[in-house]
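In what follows, a structure is listed as structure tokens, so that the remarks can point back to it.
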Amino acid sequence: MSLNLSTTAKITWCPGCPNSAILVAFRQTVDELVSAGKLKPENIVACAGIGCHGKISDYLNLNSFTSLHGRVIPAMTGIKCANPKLTIIGFSGDGDSLSEGLEHLIHTAKRNSDIKLFIHDNQLFALTTGQASSRSPKGFKGKSTPYGSIEEPINPLLLMLSSGATFVARTYAGDIENTKKIMKAAIAHKGFSFVDIIQPCITFFDTREYFKDRIYWIDEKIPTNNLGQAIEIVRKENGKTPLGIFYNVEKTTFEEELDK
Ligand code: SF4
């Protein structure tokens, strides 16, 4: 790696936590895009919310902003409106943007802000030691649901597709090479990019074995401009978890409309 994106901050994620794999994938993504002349490091703003994921901004030698819980998206939108030349990349968790700040996510997808959001989806609130989030499966036993959650989880891909997001994808944290490919495509996309990153919490909800036989990459030849087909793929999970780019279309962005 030619760019030094490390900081002196001590990494305090649990040893072996897949958050570290996301950090590696992102550092390599930025390094490769900068080397290829597609990105300038000084133009990147790495934003984060609150949760285990939120520590990532401390570990990146880039301009950064750490928001209040669930409020990373409005912070990103504000930065982009103030200086549209910047590339705004946000990290969030399912507790942060799919539970606490869910309304911001829906409105951002609807208005197609030109910002990129990577969700560290570990299906619970991990920083607070294991409470159910909107992504926890039915039956999940945690601090707030000791007898098992009685609710079905939301499907974030379906939610984003039906809310108007123009780039919707999912990857698995442990697959660094494919995560880099998805991150690069998300950053290249003009408009709102939503990437769900399955990131098992190995301390409070270790789903590594569960996902091992369930994740699969969709055929890259499937067109990514067909909303109905994308909805069909992400709805029909059948016990399996599809990964890949499901939807990728161009549309006027919020900032372009604002500029008018
Ligand atoms: Fe990772 Fe879970 Fe530890 Fe948080 S609590 S650092 S998500 S393993």
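Tabulated values for the structure
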{"quantity": "For peptides 245-255, 229-239, 46-56, sequence by mean Cβ density within 10 Å, most packed first", "calculated": "46-56, 245-255, 229-239"}
{"quantity": "Along principal axes, Cα extents of the chain, largest first, whole Å", "calculated": "52, 46, 32"}
{"quantity": "Extension gain (nm, one decimal) between Y210 and K251, 0.36 nm per residue minus Cα-Cα", "calculated": "11.1 nm"}
{"quantity": "Carbon/sulfur fraction of accessible area - the stretch 1-108, other protein chains in place, 1.4 Å, %", "calculated": "56 percent"}
{"quantity": "Pairwise centroid distance, computed over Cα atoms, of the stretch 170-231 with the stretch 132-168, Å", "calculated": "16 Å"}
{"quantity": "Highest to lowest packing among 59-68, 195-204, scored as the average C-beta count within 10 Å", "calculated": "195-204, 59-68"}
{"quantity": "Taking the chain and dividing mean pair separation by its residue count, relative contact order in percent (alpha carbons under 8 Å, at least six apart)", "calculated": "18 percent"}
{"quantity": "Positive-end residue of F118, G239, T145, charge dipole of the chain with Cβ unit charges", "calculated": "F118"}
{"quantity": "The chain, helix-only ellipticity at 222 nm - DSSP H runs n ≥ 4, -39,500 (n - 2.57), divided by all residues, nearest 500", "calculated": "-9000 deg cm²/dmol"}
{"quantity": "Dipole in debye (nearest 20) - the chain, about Cα centre, beta carbon charges: Lys, Arg +1; Asp, Glu -1", "calculated": "120 debye"}
{"quantity": "Largest to smallest principal axis extent of the C-alpha atoms in the stretch 76-155, angstrom", "calculated": "49, 23, 14"}
{"quantity": "Percent RCO, i.e. relative contact order, over the stretch 1-128, from Cα pairs under 8 Å lying at least 6 residues apart", "calculated": "24 percent"}
{"quantity": "Cα-projected label distance for S6 with E151, points at 7 Å along beta-carbon direction, nm", "calculated": "4.1 nm"}
{"quantity": "DSSP-defined antiparallel bridges as percent of all bridges, the stretch 19-259, nearest 5", "calculated": "20 percent"}
{"quantity": "Alpha-carbon centroid distance for the pair the stretch 1-56 / the stretch 243-260, whole angstrom", "calculated": "24 Å"}
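The values are calculated or read from the model by the stated rules, or taken from the named source; none is laboratory data. Only a predicted model underlies this, so the values are computations on that prediction, with no experimental measurement involved. Note: ideal-geometry Cβ built from the backbone for every residue, glycine included; neighbour counts use all protein chains shown. Note: areas computed on protein heavy atoms with side chains; ligands, DNA, RNA excluded. Shrake-Rupley method; radii C 1.70, N 1.55, O 1.52, S 1.80 Å.
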